[in-house]
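The next block holds one structure in the form of structure tokens; read it before the comments.
Values in this text are rule-based calculations from the coordinates and carry no lab data. Every value quoted in this text rests on a predicted model; they were computed, and no experiment measured them. For neighbour counting, all protein chains shown are included, and Cβ atoms are generated from backbone atoms with ideal geometry for every residue, glycine included.
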Amino acid sequence: MLATPCRGKKVRKGQSALLTVSNSPPVISLADYDKRKRQITDELRKAATTIGFFYISDHGVAQELIDRAFAANEEYCAQPEEAKDKLPVVRWDTRQLTGIERNYLPDGTLRESSIAKFDVHEDMQKAWPDKKYCPNYRQTTVEFMNALPPVANKILGCLALGLGLPENFFTETANPYRADNFTFLQYHKYPGLEGRTWKEGVNCVTAHTDESLITLLFAKSPGLELASGRDGKAATGDTYGCYQVDSWTPCPPIPGCFTVNIGDPLQYWSDGVLLSNYHRVRCPKPDEYQGDRYSI
Ligand SMILES: O=C(O)CCC(=O)C(=O)O
Ligand SMILES: [Fe+2]
């Protein structure tokens, strides 16, 4: 079905490099979901099959809870280093996906993340930070994570309907409370990069596609960009020397909305109809906001 030329990613069969569509993701409202399911399905199908990204409004997750989740992220990052050193380290190769993750920009600048799975998972029990330093992280993370499946399920239900499949086709498989499920919440802190300039091609997060079914993202500031309708081409030009895309569309956060993108499994399972598109987080230029950037 799909070739895998580079780091497990793929070139889409039969798709030309450029699609002539507007590349900016639409805002899709989930308001009156039951009454408007047909319309929402049409809107989601269109966005997922042309851009692979969309914003979701009227999702039902309280702004107050979203704000607390960002505060929990800051709380985690502010722990003393000795406390962080006691936490399990995320390893993608062994699927040890709970704990702390440290990535570095080419100049050694640290980008810190933490990953939490649903509290029912055994490995999560060792990954919660010390309450002494992070009094709210666990409770807030659990509360926030529990608020997300209802949103994800609506989106996945409509995406299934849009493909002519039963509404529960993806949600049955994607039950995040199942012990063998890998759904996770990832908090990121991109450190402030004040006054620095970066060589073209150096990004805070290099071009990639996601391995989730869908990703629900909240970010506090711009930086996310998407390569809509374009295949990653094996070439030099990005940090990993893997993908070259010659047109990037900014995907700044819209207050109160989730930014949502389709991930690889949905592209595979739909035989390339739903698009798991390349995206990256660009390093800010000197005239842009260069302070710390938080995303969830
Ligand atoms: O931080 C962001 O805005 C997006 C990060 C991202 O693409 C990812 O974690 O997969
Ligand atoms: Fe991503």
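Picking from ALA116, ALA174, ALA78, which is most flexible by a Gaussian network model of the chain using Cα springs under 10 Å?
ALA78
Assign one of three labels to segment 57-138, namely rounded, prolate or oblate, based on the Cα gyration tensor with a ≥ b ≥ c the square roots of its eigenvalues; rounded applies when a/c is under 1.5, prolate when it is not and a/b is larger than b/c, and oblate otherwise.
Working: a/c = 1.43, a/b = 1.32, b/c = 1.09.
Verdict is rounded for segment 57-138.
Once you order the gyration tensor axes a ≥ b ≥ c over the Cα atoms, which shape class does segment 116-213 get: rounded for a/c under 1.5, otherwise prolate or oblate by comparing a/b with b/c?
Working: a/c = 2.61, a/b = 1.24, b/c = 2.11.
Here segment 116-213 falls in the oblate category.
Under a straight-distance cross-link criterion of Cα-Cα below 17 Å, which aspartates and glutamates are reachable from LYS37, leaving out those fewer than 8 residues away in the same chain?
ASP58, GLU167
What is the set of long-range amide H partners of ILE28 at a cut-off below 5 Å, with H atoms built 1.01 Å from backbone N?
TYR55, ILE56, SER57
Using the Cα centre as the reference, give the magnitude of the dipole from point charges on the C-beta atoms of the chain (Lys, Arg: +1; Asp, Glu: -1; all else neutral), rounded to the nearest 20 debye. Spell out each step's value before the answer.
Numbers: 35 positive and 37 negative charges, 106 e Å.
Computed about the Cα centre, the dipole is about 500 debye.
Would you work out the relative contact order for the chain, in percent, from Cα pairs under 8 angstrom that are 6 or more residues apart?
On the way: 565 pairs, mean separation 70.8, N = 296.
Relative contact order here is 24 percent.
Only Cα pairs within less than 10 Å get springs; with that Gaussian network setup on the chain, which residue of ASP34, ASP264, ASP93 has the largest fluctuation?
Checking each option, the largest mean-square fluctuation is seen for ASP93.
From the cross-link list LYS132/LYS220; LYS154/LYS220; LYS86/LYS199; LYS84/LYS154; LYS46/LYS126; LYS35/LYS189, which pairs have alpha carbons spaced over 30 Å apart? Don't skip to the end; give the middle numbers.
Numbers: LYS132/LYS220 26 Å; LYS154/LYS220 24 Å; LYS86/LYS199 35 Å; LYS84/LYS154 36 Å; LYS46/LYS126 42 Å; LYS35/LYS189 39 Å.
Listed pairs above 30 Å: LYS86/LYS199; LYS84/LYS154; LYS46/LYS126; LYS35/LYS189.
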